[in-house]
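Visitor: Below you will find the structure I want to go over with you.
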Amino acid sequence: MSDADPRPALEAVRQRRSWSKVTDAAPTRAELLTLVSAAGRVADHSSLRPWRIIELRGDDRLVLGAAIAAAQGDSSPSTKPLRAPLLVAIVASYRASEKVPRWEQEAVASGVAHTLSLLLDEAGWGVIWRTGHYTRSAPVAAAHGLGENEELLGWLYVGGKPERSRPERRKAVEARAHVTRMPGVTTTPDEFTHWRTESKKTAKARKAEKKHKEKKRKEKRPTDWAAKARKAEKAARRAEKARAKAAAVSHD
C-alpha cells in the first residue's frame, strides 16, 4: 500500500489496545457526540437503532459505585468507576420486531460499543471496555434508569493516554486458525478462485462460438437460378393440369 493510498481504519484496528490506566483528561461532550454519531453507522437490520449511550462524569461515578456495592452486598461504595474521568455506558435497548430477534439487536449494540472504542482510541484517548457480574444487576440497572426492555452491556472507561506506558503485549491473531471452509469442502480459496476464472473463460468462449454460428446461418448463400427455374416450371405444369381438369369437368 502506497503513501498516497493509506488505510487508516486498518491501521487503527492494528494499533488498538486496552488502557487499564488513564489520566484525568477526557473528551468533551461535543467530541463524544461526534464519535457516537459515526459509531452508530454499524450494520443494523431494519435500522432499529436498538441501543443508547449513557454518559457518566463527576459524581455520576459515585452513584454507580454505590449501586455496585449494593449489588455485591458491600458496605462501602465501589471505587472502580473512579478509574477514569469518563464512563460510557452501553445499553441494548430492544425494539419490538418480527424480523429482528433479540440476539441480533444486542449484536448491533455491541458493534456500536466496539466501533466507538476504536474511534476514541484513534482520536487519542485511552479506552477499556469493562464489565462484571454486577453489570446486569437490579441496583445497577436502577442507577442507570434502564427501561423494562433494556440491558447494560458494560462501560467504556475513557481518559487520557499516559505518556509512560508498557509496550503493547497483545499478540497478532493467527487468522488461519479462525478462518475455515464449509464442512466437506476440499478446495482451497485459491483453487476456488481459479475454478471460477476458468469457468468464466469457458462460458465466454461458448457464447462467442454460438454467436459466430448464428451469424453464419444468417449470411445469404449464392442464388441457384437453375433450381429456381426448375421449381417455376413444375409450378407452371401443375397449374396447366389444374386448368385442363377444370375445363373437362365443365364440358361434362
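The values are calculated or read from the model by the stated rules, or taken from the named source; none is laboratory data. From a predicted model like this one, the values you see are computed outputs, not experimental measurements. Don't worry about glycine lacking a Cβ; one is built from the backbone with ideal geometry, like all the others, and counts go over all protein chains shown.
Visitor: Residue check, D121 against (1) among the acidic types (D, E); (2) more than 18 Å from G159 (Cβ to Cβ); (3) within 33 Å of the chain's Cα centre (by Cα), all met but one. Which one?
Guide: (2)
Visitor: S20: exposed (fewer than 14 other Cβ atoms within 10 Å of the Cβ), of a type in the set (S, T, Y) and within 18 Å of the chain's Cα centre (by Cα), yes or no? Reasoning before the result, please.
Guide: Details: exposed (fewer than 14 other Cβ atoms within 10 Å of the Cβ): yes; of a type in the set (S, T, Y): yes; within 18 Å of the chain's Cα centre (by Cα): no.
Criteria not met by S20.
Visitor: Is there a residue being assigned to a helix (DSSP H, G or I) and closer than 25 Å to L62 by Cα anywhere in segment 157-172?
Guide: no
Visitor: Can you find a residue in segment 55-75 that is within 28 Å of the chain's Cα centre (by Cα) and closer than 30 Å to S165 by Cα?
Guide: Yes, some residue in segment 55-75 is within 28 Å of the chain's Cα centre (by Cα) and closer than 30 Å to S165 by Cα.
Visitor: Another one. Do we have S76 as of a type in the set (S, T, N, Q), surrounded by 14 or more Cβ atoms within 10 Å (Cβ to Cβ) and modelled with pLDDT of 95 or more here? Reasoning before the result, please.
Guide: Working: of a type in the set (S, T, N, Q): yes; surrounded by 14 or more Cβ atoms within 10 Å (Cβ to Cβ): no; modelled with pLDDT of 95 or more: yes.
In short, no.
Visitor: Can you tell me which residue among S46, S20, S37 is within 25 Å of V173 (Cβ to Cβ), of a type in the set (S, T, N, Q) and out of contact with any Gly (no Cβ under 8 Å at 6 or more places or on another chain)? Working first, answer last.
Guide: Values: S46 fails: within 25 Å of V173 (Cβ to Cβ); S37 fails: within 25 Å of V173 (Cβ to Cβ).
None of the others qualify; the one that does is S20.
Visitor: When the residues of segment 23-54 are narrowed to those that are surrounded by fewer than 16 Cβ atoms within 10 Å (Cβ to Cβ) and hydrophobic (A, V, I, L, M, F, W, C), which ends up farthest from the chain's Cα centre (by Cα)?
Guide: A25
Visitor: Just to be sure before I move on: is A138 over 27 Å from R17 (Cα atoms) and touching a Pro at 6+ places or on another chain (Cβ under 8 Å) in the structure I sent? Let's see the steps before the verdict.
Guide: On the way: over 27 Å from R17 (Cα atoms): yes; touching a Pro at 6+ places or on another chain (Cβ under 8 Å): no.
No, not satisfied.
Visitor: Restricting to segment 81-115, name every residue that is closer than 18 Å to A143 by Cα and without any contact (Cβ under 8 Å) to a residue 24 or more places away in the chain.
Guide: Listed by number, the list holds a single entry, L82.
Visitor: Please state which of the following conditions K171 fails to meet, knowing it meets all the rest: (1) in the same structural domain as W51 (by TED's automatic domain parsing); (2) within 29 Å of the chain's Cα centre (by Cα).
Guide: (1)
Visitor: Closer than 17 Å to L32 by Cα and either assigned by TED's automatic domain parsing to the domain that holds K21 or buried (at least 17 other Cβ atoms within 10 Å of the Cβ) (or both): which single residue out of V63, V88 fits that description?
Guide: Details: V63 fails: closer than 17 Å to L32 by Cα.
Selected residue: V88, the only one of V63, V88 that is closer than 17 Å to L32 by Cα and either assigned by TED's automatic domain parsing to the domain that holds K21 or buried (at least 17 other Cβ atoms within 10 Å of the Cβ) (or both).
Visitor: Cβ contacts < 8 Å: first residue in a helix (DSSP H, G or I), restricted to segment 194-210; second residue at pLDDT 75 or above and of a type in the set (F, W, Y), any location; separation 6+ or different chain. Result?
Guide: none
Visitor: Also, quick follow-up: Which residue out of S165, S78 is free of Cβ contacts under 8 Å to residues at least 24 places away in the same chain and over 22 Å from S46 (Cα atoms)? Break it down stepwise before answering.
Guide: Values: S165 fails: free of Cβ contacts under 8 Å to residues at least 24 places away in the same chain.
Result: S78 is the single residue among S165, S78 that is free of Cβ contacts under 8 Å to residues at least 24 places away in the same chain and over 22 Å from S46 (Cα atoms).
Visitor: Answer yes or no: is there a residue in segment 95-108 that is under 19 Å from H133 (Cα atoms), modelled with pLDDT of 95 or more and buried (at least 20 other Cβ atoms within 10 Å of the Cβ).
Guide: No, the conditions are met nowhere in segment 95-108.
Visitor: Every residue in segment 126-142 that is crowded, with 16+ Cβ neighbours inside 10 Å and either of a type in the set (A, V, I, L, M) or within 26 Å of the chain's Cα centre (by Cα) (or both), please.
Guide: V127, I128, W129, R130, V140, A141, listed by residue number.
Visitor: Determine which single condition G132 fails, assuming it passes every other condition in (1) in contact (Cβ under 8 Å) with a residue 40 or more places away in the chain; (2) outside any strand (DSSP E or B); (3) on the phi < 0 side of the Ramachandran plot.
Guide: All conditions are met except number (3).
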